[in-house]
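The next block holds one structure in the form of structure tokens; read it before the comments.
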Amino acid sequence: MTYNFKKIGVGVMALLGSAGCTITMSDDAIFNPPKWKDIALTADELKFVDEAKLTSEASKLLQQSQFKNILPATIKHGFIDAEDERIAYSLISANEKSGYSDRPLILSCYGSGGDRPNHGVYYAEKLLPWGDVLQFDYPGYGDSSGEPSIAAVKKITPAIVELANEFSGDRQLIFWGHSLGGFVCPHMAAISPKFDGFVYETTALSAEEAAKVWKPWFLRMIPFIKLEPAQSDQEGDNATPLAGFAAPILVLSGGKDKILPAWLSQSLADALERQGNDVTYLHFEKGTHINVPLQPDFVERAAPFFDRVKSTRGGAVAAE
């Protein structure tokens, strides 16, 4: 993957005292797991904060037309063994009245500050109108074991893809990568025997481009620090894994995204187009880094993409 960083020993006081500097960082510095103390030991103990927002017949989400007949949803929590790690997952399925058996399955890859227990409801709110949603915790996040790192994410990738293929069955499978997830999900789609659509949400083409503007949370108060990504251990960028695939691709950006500004998503869309992918780029001027799919005009503007995904198959076949 192209988003890893090399460690360098730089003290905070030295940084504060310098007139300006460029640093490289350890690959796990980009991970920022939210605090979660109620670690589940069994699948029965797994949960979302505010889970009733998705499962209650009194949910305020039912006031929004895109959730009509979808809620109340059913949620299946569980663990899978992935190499040496125990990874927590959650499957959020629409109410059976929605035509449940025909809805696509969306595999959701979180941003660096997102996890399943704390943010599962929010991510489901963004994605559930378009399909049932499979979420998982990166190693060291939420209820999953391990330490957050690039290597750990790589190790669990085959097991997550296998789980998504199993749950999708005969339905379409969409991969949806938000922020950091835009660096993770393409590698999952590339090895999946099922791949019918892909969504890049407020992400970037590469670590090299993202490093021009992005800083981890603990350096954002220091304006003169610039980050420099170390040499990647894999060739290519976040478009490269999807080269040769015919599945429709949607790239989303927000005009108020201060974490990964819109030009980064535009650069990604341009790269996908150059390598021959079927890509749609949608910019939402009032969208931030996290709420583009919740913008008032998102349903109308994004609907043609999801309609195309539903009407086509064979995304895993190389494009001619």
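We did not get these values from a lab; they are worked out from the coordinates using the rules stated. All values derive from a computational prediction rather than experimental measurement.
Structure notes:
- Amide H contacts under 5 Å for Val251, placed H, 5+ residues apart: Tyr200, Thr280, Tyr281, Leu282
- Annotation: region 62-116 has a Kirkwood hydrodynamic radius of 13.4 angstrom, from the mean reciprocal C-alpha pair distance.
- Here's how it looks for Ile106: its modeled amide H is under 5 Å from those of Asp132, Val133, Leu134, Ile174, which are all 5 or more places away or on a different chain.
- Per principal axis, descending, Cα span of region 44-149 in whole Å: 41, 25, 25
- Remark: for residue pairs Lys35/Lys126; Lys35/Lys155; Lys97/Lys286; Lys53/Lys286, the C-alpha separation exceeds 27 Å in Lys97/Lys286.
- Centre-to-centre, using Cα atoms only, region 102-143 and region 230-292 are separated by 19 Å.
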